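The values are calculated or read from the model by the stated rules, or taken from the named source; none is laboratory data. Source: prediction; values computed, not measured. Cβ coordinates were reconstructed from backbone atoms using ideal geometry, including for glycine residues, and neighbour counts include every protein chain displayed. SASA here: full protein model, heavy atoms, side chains in, ligands and nucleic acids out. Shrake-Rupley method; radii C 1.70, N 1.55, O 1.52, S 1.80 Å.
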Amino acid sequence: MRILAFDTSLQACSAAVLSAEGPSAAMCEPMERGHAERLLPMIAEVMARAGLGFADLDRIAVTVGPGTFTGVRVGIAAAQGLRLATGHAVVGATSLQAMAAGLGDDWLGHTIAAVADARKDQLYVQVFAGSALAPLTMPLLLDASEAARQAEAGRPVVAIGTGTAAFLAAAARIGLEAVAGPAKPYPEARHLAELAPHLGVLDPVRPLYLRPPDAKPQASGLLSKAKMP
């Protein structure tokens, strides 16, 4: 199976191509902004490195969120466009699941807490059983104390992501054994590509937002309820 995977949900932009023989090409660049400008050139580069055309692919994989509003929207829009252009199925994982996949097999006896800083003293968190990356929770938007309580599963916990420091501090307050993992604090497309053969098809391809966007239209630009049909 030949898979194109990409992620723009958090503090990086990444793309990868995976074939039956293993990773063919992968790129990952940390960035706070600029995902929209970087993603398509990066996709073109990894496809060229892999020596493939879009017709050669079997499926496309994308992270659906949670993450920044703009970043998630960029990845979803690219996946929707490629599906329309190629007819290939699109599969998806949460950004937190893709992040957890970066730990590999060294933490099988642990519970994995993927935690991303969502700002406003909140974390995006999803908890997994390390043995098979089986989700133990849905992606959630919680404060650090509530996030740490999600991981109370009778096993040691490894936390990864930009919210790790806040999570570990909260874990210590409730007596939860937890350590920081060595994985990068953002998803990478190469790990998403490895998950892709086991992911369900997205139809339609929709983003996962756990909070509304910060930017809101001005009140003067809104239609009054009386004018709406």
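When THR68 is evaluated against the numbered criteria (1) open to solvent by 50 Å² or more (accessible area, probe 1.4 Å); (2) farther than 18 Å from THR162 by Cα; (3) polar (S, T, N, Q), which criterion, by number, is the only one it fails?
(2)
Restricting attention to segment 115-162, which residues are within 14 Å of the chain's Cα centre (by Cα) and of a type in the set (Asp, Glu)?
Residue satisfying the conditions is ASP117 alone.
Restricting to segment 43-58, and then to whatever is outside any helix (DSSP H, G or I) and among the aliphatic types (A, V, I, L, M), can you tell me which residue is farthest from the chain's Cα centre (by Cα)?
So in segment 43-58, the residues outside any helix (DSSP H, G or I) come out as 51-53, 57-58.
Imposing the further condition that a residue be among the aliphatic types (A, V, I, L, M) reduces the set to 52, 57.
Values: LEU52: 25, LEU57: 21 Å.
Per the criteria, the residue is LEU52.
Go through segment 65-85 and report how many residues are among the hydrophobic types (A, V, I, L, M, F, W, C), in contact with a helix residue (DSSP H, G or I) (Cβ under 7 Å, 6 or more places away or on another chain) and over 25 Å from ALA20 (Cβ atoms).
Residues meeting the conditions: 1.
Please enumerate the residues belonging to segment 12-28 that are open to solvent by 30 Å² or more (accessible area, probe 1.4 Å) and either more than 17 Å from VAL62 (Cβ to Cβ) or more than 15 Å from the chain's Cα centre (by Cα) (or both).
To start, the set of residues in segment 12-28 that are open to solvent by 30 Å² or more (accessible area, probe 1.4 Å) comprises 20-21, 23-24, 26, 28.
The answer is ALA20, GLU21, PRO23, SER24, ALA26.
So, LEU84, is that one at pLDDT 95 or above, in a helix (DSSP H, G or I) and surrounded by fewer than 16 Cβ atoms within 10 Å (Cβ to Cβ) or not?
Details: at pLDDT 95 or above: yes; in a helix (DSSP H, G or I): yes; surrounded by fewer than 16 Cβ atoms within 10 Å (Cβ to Cβ): yes.
Taking the combined requirement at face value, the residue satisfies it.
Within segment 114-127, is even one residue at negative phi and either open to solvent by 50 Å² or more (accessible area, probe 1.4 Å) or without any contact (Cβ under 8 Å) to a residue 24 or more places away in the chain (or both)?
yes
So that you can scan it fast, the table gives a plain yes or no per residue for (1) surrounded by 14 or more Cβ atoms within 10 Å (Cβ to Cβ); (2) of a type outside the set (Ser, Thr, Tyr):
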| position | (1), (2) |
| --- | --- |
| LEU140 | yes, yes |
| GLN150 | yes, yes |
| GLY154 | no, yes |
| THR162 | yes, no |
| PHE167 | yes, yes |
| ALA171 | yes, yes |
| VAL179 | yes, yes |
| ALA183 | yes, yes |
| PRO187 | yes, yes |
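Is segment 59-71 home to any residue that is β-branched (Val, Ile, Thr), touching a residue at least 40 places away in the same chain (Cβ under 8 Å) and in a loop (DSSP other than H, G, I, E, B)? Step through it out loud before you land on a result.
Start the filter on segment 59-71 by keeping residues that are β-branched (Val, Ile, Thr), which leaves 60, 62-64, 68, 70.
With touching a residue at least 40 places away in the same chain (Cβ under 8 Å) added as a condition, the list becomes 60, 62-64, 68.
Subsequent filtering for residues that are in a loop (DSSP other than H, G, I, E, B) retains 64, 68.
Checked segment 59-71: at least one residue is β-branched (Val, Ile, Thr), touching a residue at least 40 places away in the same chain (Cβ under 8 Å) and in a loop (DSSP other than H, G, I, E, B).
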